[in-house]
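K.L.:
Please read through the structure below; I'll follow up with questions.
The values are calculated or read from the model by the stated rules, or taken from the named source; none is laboratory data. Model, not experiment: these values are computed from the prediction. Cβ placement follows ideal geometry from the backbone for every residue including glycine, while neighbour counts extend to all protein chains displayed. Surface accessibility is based on the protein's heavy atoms, side chains included, excluding ligands, DNA and RNA. Shrake-Rupley method; radii C 1.70, N 1.55, O 1.52, S 1.80 Å.
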There are 2 protein chains.
Amino acid sequence: MNAPTQAVHVTPEIKPRPVPAALIDALKARFGAQFSQAQAVREQHGRDESAFTTVPPPAAVVFADSTADVQDAVKLCAQYKVPVIPYGVGSSLEGHLLAVQGGVSLDVSRMNKVLSVNAEDLTVTVQPGVTREQLNAEIKSTGLFFPIDPGANASLGGMCATRASGTNAVRYGTMRENVLALEVVTAAGEAVRTGTRAKKSSAGYDLTRLFVGSEGTLGVITEATLRIYPLPEAVAAAICSFGSIADAVNTVIQIIQLGVPIARVELLDGHTVRIVNQHSKLTLREGPMLLMEFHGSPAGVKEQTETVQAIAAEHGGAGFEWADTPEERSRLWAARHNAYFAGVQSRPGCRCITTDVCVPISRLADALLDSVQEADDSRIPYFLVGHVGDGNFHMGYLIDPDDDAERARAEQLNRQVVARALALGGTCSGEHGVGLHKMGFLLDEAGAGAVDLMRTIKRALDPLDIMNPGKVFS
Amino acid sequence: MNAPTQAVHVTPEIKPRPVPAALIDALKARFGAQFSQAQAVREQHGRDESAFTTVPPPAAVVFADSTADVQDAVKLCAQYKVPVIPYGVGSSLEGHLLAVQGGVSLDVSRMNKVLSVNAEDLTVTVQPGVTREQLNAEIKSTGLFFPIDPGANASLGGMCATRASGTNAVRYGTMRENVLALEVVTAAGEAVRTGTRAKKSSAGYDLTRLFVGSEGTLGVITEATLRIYPLPEAVAAAICSFGSIADAVNTVIQIIQLGVPIARVELLDGHTVRIVNQHSKLTLREGPMLLMEFHGSPAGVKEQTETVQAIAAEHGGAGFEWADTPEERSRLWAARHNAYFAGVQSRPGCRCITTDVCVPISRLADALLDSVQEADDSRIPYFLVGHVGDGNFHMGYLIDPDDDAERARAEQLNRQVVARALALGGTCSGEHGVGLHKMGFLLDEAGAGAVDLMRTIKRALDPLDIMNPGKVFS
């Protein structure tokens, strides 16, 4: 095991900037009922699912209905050099939404229209407040679906902003691969399109992918054109239990190295299965487990499942239990998606500190097994889930927010997980973003030179530093 | 048909900046035999495969052997505010390599080592001068391959810089999807890594994809970590001739819309088949033709070919001719890759003006058929090839470089092809980049706001404007 990284957890520097009464008056005049300073509304917009709880809420909330609303809100805030924090459904895990420098929360959840479905081209254009579940419900009749599925029913704007992924990424890629183009409102309030509906392009800088993952710090996403996929002709889902986490992980490594186009392969440890059983009223066997799904033609799915069953058997897998009907599959995946909430609810009153490392697949066992041992030794309750086909896993440390010593121990565990992943050629964040929580880790991972490039881009595109300031880098 | 775009072909503004004797002396002192001012060397580095022929060559050429060499060359040029033009193998089609503002050509072709092969993780790290064919030769024994294949045996650094793709992109993606991380030397001469070997990451801005496609204007690529793939268990290649281009194109549209994971599907018109036959001593039937390849398990390939044969038959396809052996397949694909050179050689002394539009697949027939009609009407010799599975095709107008009227007619055809593609939701460049030739088209496509964002990023990262200045945007 490598020495823990030197980076320290960044406690948010809370430096609220003044929000002049003149700005409040101007926002009220422009937005009327779409503007709120109610304490409950501000508080709802001043937190997320992260373990940060002590940052004061934003001074006000604007509910945008249109790109023009976003432009006007940004222009007014720019005029007074006041921060703008884009807000979707509030499911960030890394403190992205906290008003660490004060300012105005810009809620785009009412911009929730699916603007066009181009079934022939397998593309769809949506407003940023459309959630992933809403999109899939609206396009269901076309026989197409959007595969990217973080645990929460996140907004697609937020998923673009954090470069989200989820259980299907091992086959379908992440938001990086599945956003064709965006409309963004810049820090100057200008609406700009970053691409076309063409499947590929080499026309100029890749502005789309610069904004995907920029966490609201370069502009506000007001439209997204996404790739969608034909619903597979055949789907099979299976559960397989193992005698140890190592056996499960080594099964996954071999599946990926053989190039099996598995659609989903998720790891849960026995403790997490127990939590999920309790939360979702299931009776899954409470040991290390892989949840798998296979997509393709009937013959292709058969081929994949045969290969994977043989690999699992070599590693002592306890045989496949099949989820045969769509209803059974939905119930299983809903349980998996709720693992985070099941974890949090398993310790009433807790907050969750979530790791999010991702390593090259050959190093997954090295990264994961020591992290599990350390977590066991710490005596802090935790859960373990992983998009292991991508080399990505999450430990969720369930801490008492009032116990500073426990928080410090959990942060130390997180640092050790990250240090190990970086030493193995991996990243500190596979899919949750940097936000407030991983700024020190980003510096460790990318180095000062790369972070300086990011900062230089930020300063150039947002010279007043009003777009979600104080996130990603300090 | 829509009105031609208003953008005009940008004749390069030739504004050589002074190259002080002190810089030449300093480069000589630092680089010795790695430095040249010989006329022939300069001229070789002052041109590419584009139709631009009249730009004076760079003042000198530095042959870098290492990242440290690149850093020192950039730092010395920065000291004297002299342009640096990265050079791989010179296969650009858009004037990327021309010294329109004078300066020093920085040749990285001697940086041609495959630095590491991580077969277990399906990644490889290379220096920028490694060509795509060299890489595949060096990793052949591992059972893995790198699929991205522009027509030329391009350098991988150049392919990163132009966001290249080729015949396999329909299944494997482009350089955008297949570069995991880069080492780049910035305009300040600092070496920076843009990512890790993790398959996915949401740690900070996507610097990798900012540099992929930046055409040497933001820095010099000195290392690239790429995704590689298991050689498919089964491969089948077939040729199918059609009665019309429309029938061939409609076959492709249906293949893609059905989600068939075809590995390659290339269109040639009858005239181009004749040129290819002459150049590569083949006897292909001289009508509109699809060249196809299928990758997968034996059962998967069988399924794909049965589906595609049925679709082709519906559109009057003349039955499949199979290329059964690896040698036959290699010969066929070599002939396809040589189509550009076959075209150029079919009119001795000509230069080629190449279009590169890419449209959503449903609009491919609309984009392509009118473009063919206009080219036929123009009486200018041309060839037509297309990565039609991606909606991308190339018309190569073969012009007499001394005939200004013919050049103007070809440029007008190009403008019409681009205007039509943009009106159909497409892009002016699918894979060749912007360079000098498509700066006006980029403005048409992206709009002034988006190009301003690009320019702002360029100014921030290269404040002295020394990295390949005068390309992408003016």
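K.L.:
Please identify every one of the trypsin sites (Lys or Arg not before Pro) in segment A:258-363 that sits in a loop by DSSP and has no more than 11 other beta carbons within 10 Å of its own beta carbon.
P.N.:
Numbers: sites: A:Arg264, A:Arg274, A:Lys281, A:Arg285, A:Lys302, A:Arg329, A:Arg331, A:Arg336, A:Arg351, A:Arg363; in loops: A:Lys281, A:Arg285.
Qualifying residues, ordered by number: A:Lys281.
K.L.:
Cross-link candidates for A:Lys81: which aspartates and glutamates have Cα within less than 20 Å, leaving aside residues fewer than 8 places away along the same chain?
P.N.:
Cross-link targets: A:Glu13, A:Asp25, A:Asp69, A:Asp72, A:Asp107, A:Glu190, A:Glu215, A:Asp462, A:Asp465.
K.L.:
On to the next question. Tell me, what ³J(HN,Hα) does each residue in segment A:379-391 have, in order and in whole Hz, if you take phi through Karplus 6.51 cos²θ - 1.76 cosθ + 1.60 with θ = phi - 60° and put x for Gly and Pro?
P.N.:
Per-residue couplings from phi come out as 6, 7, x, 8, 10, 9, 9, x, 7, 5, x, 9, x Hz.
K.L.:
Another question, then. Tell me whether segment A:234-337 comes out rounded, prolate or oblate; compute the Cα gyration tensor, take square roots of the eigenvalues as a ≥ b ≥ c, and use a/c under 1.5 as the rounded threshold.
P.N.:
Details: a/c = 2.11, a/b = 1.20, b/c = 1.76.
Oblate, because a/c is 1.5 or more while a/b does not exceed b/c.
K.L.:
Next question, about the same structure. Provide the percentage of antiparallel DSSP beta bridges, counting only those with both residues in segment A:40-167; round to the nearest 5. Write down the numbers at each step before the final one.
P.N.:
Numbers: 5 of 13 bridges.
Among the beta bridges of segment A:40-167, antiparallel pairing accounts for roughly 40 percent.
K.L.:
For chain B, compute the orientation-averaged projected area of the C-alpha convex hull (one quarter of its surface), in nm². Please list the in-between numbers first.
P.N.:
Details: hull surface 86.2 nm².
For the Cα atoms of chain B, the hull's average projected area reads 21.5 nm².
K.L.:
Now, a different point. So, counting K/R as plus one and D/E as minus one, what does the shell of residues with Cβ under 13 Å around B:Gln309 add up to? Write out the running numbers ahead of the final one.
P.N.:
Working: positive: B:Lys302; negative: B:Glu303, B:Glu306, B:Glu314, B:Glu321.
Summing Lys and Arg as +1 and Asp and Glu as -1 gives -3.
K.L.:
Given the pairs A:Lys75/B:Lys438; A:Lys281/A:Lys471; B:Lys15/B:Lys458; A:Lys113/B:Lys458; B:Lys140/B:Lys438; A:Lys140/A:Lys281, which span a C-alpha to C-alpha distance of over 30 angstrom in this model?
P.N.:
Values: A:Lys75/B:Lys438 33 Å; A:Lys281/A:Lys471 38 Å; B:Lys15/B:Lys458 19 Å; A:Lys113/B:Lys458 35 Å; B:Lys140/B:Lys438 37 Å; A:Lys140/A:Lys281 27 Å.
Among A:Lys75/B:Lys438; A:Lys281/A:Lys471; B:Lys15/B:Lys458; A:Lys113/B:Lys458; B:Lys140/B:Lys438; A:Lys140/A:Lys281, the Cα-Cα distance tops 30 Å for A:Lys75/B:Lys438; A:Lys281/A:Lys471; A:Lys113/B:Lys458; B:Lys140/B:Lys438.
K.L.:
Across the residues of B:389-396, average count of Cβ atoms on other protein chains within 10 Å?
P.N.:
Working: counts 1, 3, 5, 4, 0, 0, 0, 0.
Mean shielding count: 2.
K.L.:
Pull up all non-local amide H partners of A:Gly386: gap of 5 or more, or a different chain, and H-to-H distance under 5 Å with H placed in the peptide plane.
P.N.:
Residues meeting the criterion, in which the H sits 1.01 Å from N, are A:Leu267, A:His394.
K.L.:
Count the net charge of all other residues whose Cβ sits under 14 Å from the Cβ of B:Ile24, scoring Lys and Arg as +1 and Asp and Glu as -1.
P.N.:
+3
K.L.:
Lys and Arg at +1, Asp and Glu at -1: add these up for the other residues within a Cβ distance under 13 Å of A:Ala234 and post the number. Before the final figure, lay out the partial values.
P.N.:
Values: positive: A:Lys302, A:Arg329; negative: A:Glu233, A:Glu293, A:Glu303, A:Asp324, B:Glu303.
Summing Lys and Arg as +1 and Asp and Glu as -1 gives -3.
K.L.:
Say a site is exposed when it is one of the GluC sites (Glu not before Pro), sits in a DSSP loop, and has at most 16 other Cβ atoms within 10 Å; what is then the longest site-free stretch of chain A? The partial results should precede the final answer.
P.N.:
Working: sites that count: A:Glu13, A:Glu233.
My reading of the result: A:234-474 is the longest stretch.
K.L.:
Moving on. Chains A and B: what accessible area do they bury, summed, in square angstrom to the nearest 100, with a 1.4 Å probe?
P.N.:
Numbers: alone 18860 and 18890 Å², together 31780 Å².
Result for this pair: about 6000 Å² buried.
K.L.:
On to the next question. I'd like to check one number: the per residue accessible area of segment B:21-107, probe 1.4 Å, reported in Å² as a whole number. It would help to have the intermediate numbers written out before the result.
P.N.:
Numbers: 3010 Å² over 87 residues.
Counting only protein heavy atoms, the per-residue value for segment B:21-107 is 35 Å².
K.L.:
What is the percent carbon and sulfur in the accessible area of the protein assembly as shown, measuring with a 1.4 Å probe over the protein chains and ignoring ligands?
P.N.:
Exposed carbon and sulfur together represent 50 percent of the surface.
K.L.:
For segment B:42-57, what does the Karplus curve 6.51 cos²θ - 1.76 cosθ + 1.60, with θ = phi - 60°, yield as ³J(HN,Hα) per residue in whole Hz, taken in order and with x for Gly and Pro?
P.N.:
After applying 6.51 cos²θ - 1.76 cosθ + 1.60, I find 4, 5, 4, 8, x, 9, 8, 8, 7, 8, 7, 10, 10, 8, x, x Hz.
K.L.:
What relative contact order, as a whole-number percentage, does segment A:24-160 give when Cα pairs under 8 Å and 6 or more residues apart are counted?
P.N.:
Numbers: 251 pairs, mean separation 29.8, N = 137.
Reported relative contact order: 22 percent.
K.L.:
Sticking with this one: Name the residues of segment A:110-145 whose accessible area falls by at least 20 Å² when all protein chains are present instead of the chain alone, probe 1.4 Å?
P.N.:
Listed in order, they are A:Glu120, A:Asp121, A:Leu122.
K.L.:
Is the shape of segment B:118-193 best called rounded, prolate or oblate, per the rule: a/c under 1.5 gives rounded, else a/b larger than b/c gives prolate, else oblate, with a ≥ b ≥ c the square roots of the Cα gyration tensor eigenvalues? Please report the intermediate quantities before stating the final value.
P.N.:
Values: a/c = 1.75, a/b = 1.38, b/c = 1.27.
Prolate.
K.L.:
Give me the inter-chain shielding for A:358-367: mean count of other chain Cβ atoms within 10 Å, whole number please. Write down the numbers at each step before the final one.
P.N.:
Numbers: counts 8, 5, 10, 8, 7, 5, 1, 0, 0, 0.
Whole-number average of other-chain Cβ neighbours for A:358-367 is 4.
K.L.:
Given 0.36 nm per residue, what is the gain on full extension from B:Arg110 to B:Ala318 after removing their alpha carbon distance, in nm?
P.N.:
Numbers: separation 208, 0.36 × 208 = 74.88 nm, distance 4.73 nm.
My answer for the length gained is 70.2 nm.
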